[in-house]
Amino acid sequence: MKARDLMNMAPVIPVIVVHDVSTAVPLAESLVAGGLPVLEVTLRTPVAMDAMRAMQAVKGAVVGVGTAISGDDLKAAKDAGAQFAVSPGFTEELGRTALDIDMPLLPGIANSADIMRAHALGFKELKFFPASQAGGPSMLKALGGPFVDAAFCPTGGVSIDNANDYLSLPNVLCVGGSWVAPKALIDAGDWAGIESLAKTASQLPR
Ligand code: 3PG
């Protein structure tokens, strides 16, 4: 699967933080049931790799790694079965490793220079991060001038209230966000609540 295929699967990629691996499967099930099959499990907790492994058992889930910042992260995630990777920024080392190990990568960019370095290695599908702090929808509109074939997944400060401002742009294929998997609902085991958030998100027009 290519990065663009992942971005086309649903309007929202949930950015997931798992603290307790026993929540991984019901969380993935509720997101998939709500219509969000592409799951980004961030490397922000010690159980992230185990959570990713567990989620792969969920039918329909496409499980990838987030917060990948080095080539070693990509290799470890690949060993744990990750089907794609997302990074907060772009380095040549990260990009080259992704190409070497054939890992679909959605690298983070925040400005023109980042995009130029990513494009130089062939990456056209990019995460715009942190979206609201780095200029929001008007920044993406401006970047669409020089970078006509770049496709973005803005992430960071995106919510159900402003997702449309991004999704209505021609160079935005999907958005990312943690709002569909909030810690309070995960801790409470409120899987119906998460499914409902996912359902609303999955129906966002784009
Ligand atoms: C990310 O890692 O992509 C962001 O932390 C997600 O941002 P959000 O929590 O504002 O959705």
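The values are calculated or read from the model by the stated rules, or taken from the named source; none is laboratory data. The model shown is predicted, which means the values in this text are computed figures rather than measured ones. Quick reminder, even Gly has a Cβ in these numbers, built from the backbone with ideal geometry, and neighbours come from all protein chains shown. SASA here: full protein model, heavy atoms, side chains in, ligands and nucleic acids out. Shrake-Rupley method; radii C 1.70, N 1.55, O 1.52, S 1.80 Å.
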For region 97-125, what are the residues that are more than 23 Å from Ala80 (Cα to Cα) and open to solvent by less than 40 Å² (accessible area, probe 1.4 Å)? Ile109, Ala110, Asp114, Ile115, Ala118, His119, Leu121, Phe123, Glu125
Could you pull out the residue among Ala80, Ala33 that is over 16 Å from the mean Cα position of the chain (by Cα) and open to solvent by 30 Å² or more (accessible area, probe 1.4 Å)? Ala33
Inside region 153-206, counting only helices (runs of 4 or more DSSP H) that do not spill past its ends, which hold 2 or more residues that are closer than 15 Å to Val32 by Cα? 191-202
Restricting attention to region 142-163, report how many residues are open to solvent by 70 Å² or more (accessible area, probe 1.4 Å) and in contact (Cβ under 8 Å) with a residue 24 or more places away in the chain. 2
Being within 17 Å of the chain's Cα centre (by Cα), touching a residue at least 24 places away in the same chain (Cβ under 8 Å), open to solvent by 30 Å² or more (accessible area, probe 1.4 Å) and under 29 Å from Val32 (Cβ atoms) is the requirement here; does Pro130 meet it? yes
Residues of region 171-206 being of a type outside the set (A, V, I, L, M) and open to solvent by less than 10 Å² (accessible area, probe 1.4 Å), which ones? Cys174, Gly176, Gly177
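For every residue, the table says whether it meets (1) within 14 Å of the ligand (Cβ to nearest atom); (2) without any contact (Cβ under 8 Å) to a residue 12 or more places away in the chain.
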| residue | (1), (2) |
| --- | --- |
| Ala10 | no, no |
| Glu40 | yes, no |
| Val47 | no, no |
| Ala54 | no, no |
| Ala61 | no, no |
| Gly66 | yes, no |
| Ser70 | no, no |
| Asp79 | no, yes |
Is at least one residue of region 125-136 in a helix (DSSP H, G or I) and of a type in the set (A, V, I, L, M, F, W, C)? no
Restricting attention to region 7-16, which residues are open to solvent by 10 Å² or more (accessible area, probe 1.4 Å) and closer than 13 Å to Val63 by Cα? Met9, Val15
In region 85-104, how many residues are more than 14 Å from the ligand (Cβ to nearest atom) and touching a residue at least 40 places away in the same chain (Cβ under 8 Å)? 1
The number of residues in region 151-180 that are more than 7 Å from the ligand (Cβ to nearest atom) and more than 23 Å from Ala118 (Cα to Cα) is 9
